[in-house]
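Undergrad: Pasting a structure below so you can have a look.
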Amino acid sequence: MISFRELLINAKNGDEKALMEMFDIFRPMTEKASRNAGRKDENLYDVIVMAFIQAISKFPIDKP
């Protein structure tokens with residue numbers, strides 16, 4: 001099993017599968033954050049997904 005750190009590094013390096021695995025890990029949080037008045041706001045969800053992708057690309061990777 002791949003570690004979270006390795007998954008992050010792979011996602012930062014453009015591995016789409018790793019990015020999707022990371023997104024799946026955080027999906028419950030993104031789904032919850034996109035709810036407005038008890039309903040999923042698709043526009044807000046899209047913004048959250050884009051912010052998630054940007055955050056992954058900018059997340060600093062320090063040596064272990």
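Undergrad: Out of segment 25-48, which residues are closer than 30 Å to residue 62 by Cα, of a type in the set (Lys, Arg) and surrounded by 11 or more Cβ atoms within 10 Å (Cβ to Cβ)?
TA: First, the residues of segment 25-48 that are closer than 30 Å to residue 62 by Cα: 25-33, 45-48.
Remaining after also requiring of a type in the set (Lys, Arg): 27, 32.
Result: 27, single match.
Undergrad: Related question: Mind checking whether some residue in segment 14-24 is exposed (fewer than 15 other Cβ atoms within 10 Å of the Cβ), under 9 Å from the mean Cα position of the chain (by Cα) and not in a loop (DSSP other than H, G, I, E, B)?
TA: The answer is yes; a qualifying residue exists.
Undergrad: Something else: Exactly one condition in (1) surrounded by 14 or more Cβ atoms within 10 Å (Cβ to Cβ); (2) among the polar types (S, T, N, Q); (3) out of contact with any strand residue (DSSP E or B) (no Cβ under 7 Å at 6 or more places or on another chain) is false for residue 3; which is it?
TA: Unmet for residue 3, out of (1) surrounded by 14 or more Cβ atoms within 10 Å (Cβ to Cβ); (2) among the polar types (S, T, N, Q); (3) out of contact with any strand residue (DSSP E or B) (no Cβ under 7 Å at 6 or more places or on another chain): (1).
Values quoted throughout were computed directly from the atomic coordinates according to the rules given, and no laboratory measurement underlies them. Keep in mind the model is a prediction, meaning the values are calculated, not measured. With ideal geometry, Cβ positions are generated from the backbone for all residues, glycine too; neighbour counts draw on all protein chains shown.
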